[in-house]
């Protein structure tokens with residue numbers, strides 16, 4: 001996901017969409033196999049099913065039609081900020097999971 005801002009030209013857009021459509025089901029299936037159940041909470045679903053499609057709608061349709069002449073880099077900025085927020089969210093979830101794992105191993109009675 002962090003490479004998506006680098007695919008900003010119109011001829012690269014199908015690769016961007018294909019990457020999203022392949023990446024998310026594969027990761028979802030892998031996490032489900034590894035953990036026994038899907039690990040999507042409400043914020044995960046909000047990011048995947050609302051924020052990312054809205055970002056793609058803006059960057060792929062609205063920006064080229066309405067704002068390309070005045071603000072040519074706005075779509076790249078929006079996509080970069082959304083990807084950065086998503087990456088920080090994933091990093092925070094990973095840090096929390098590692099912290100909880102080591103807390104349980106070091107102090108079993110602290111649960």
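The values are calculated or read from the model by the stated rules, or taken from the named source; none is laboratory data. It should be emphasised that the depicted structure is a prediction, and the values quoted were computed from it without experimental measurement. Counting neighbours? That spans all protein chains shown, and the Cβs are built from the backbone with ideal geometry, glycine included.
Pairing residues of the stretch 11-35 that are within 19 Å of residue 57 (Cβ to Cβ) with residues that are modelled with pLDDT under 80 and assigned to a helix (DSSP H, G or I), at Cβ distances under 6 Å and at least 6 apart in sequence or on separate chains, gives 16/4. Can you find even one residue in the stretch 7-27 that is farther than 24 Å from residue 81 by Cβ and at pLDDT 75 or above? Taking every residue of the stretch 7-27 in turn, at least one turns out to be farther than 24 Å from residue 81 by Cβ and at pLDDT 75 or above. Reported count of residues in the stretch 33-66, each being more than 24 Å from residue 88 (Cβ to Cβ) and modelled with pLDDT of 75 or more, is 6. Of the helices (runs of 4 or more DSSP H) contained entirely in the stretch 10-100, those carrying at least 3 residues that are surrounded by 13 or more Cβ atoms within 10 Å (Cβ to Cβ) fall at 13-35, 52-57.
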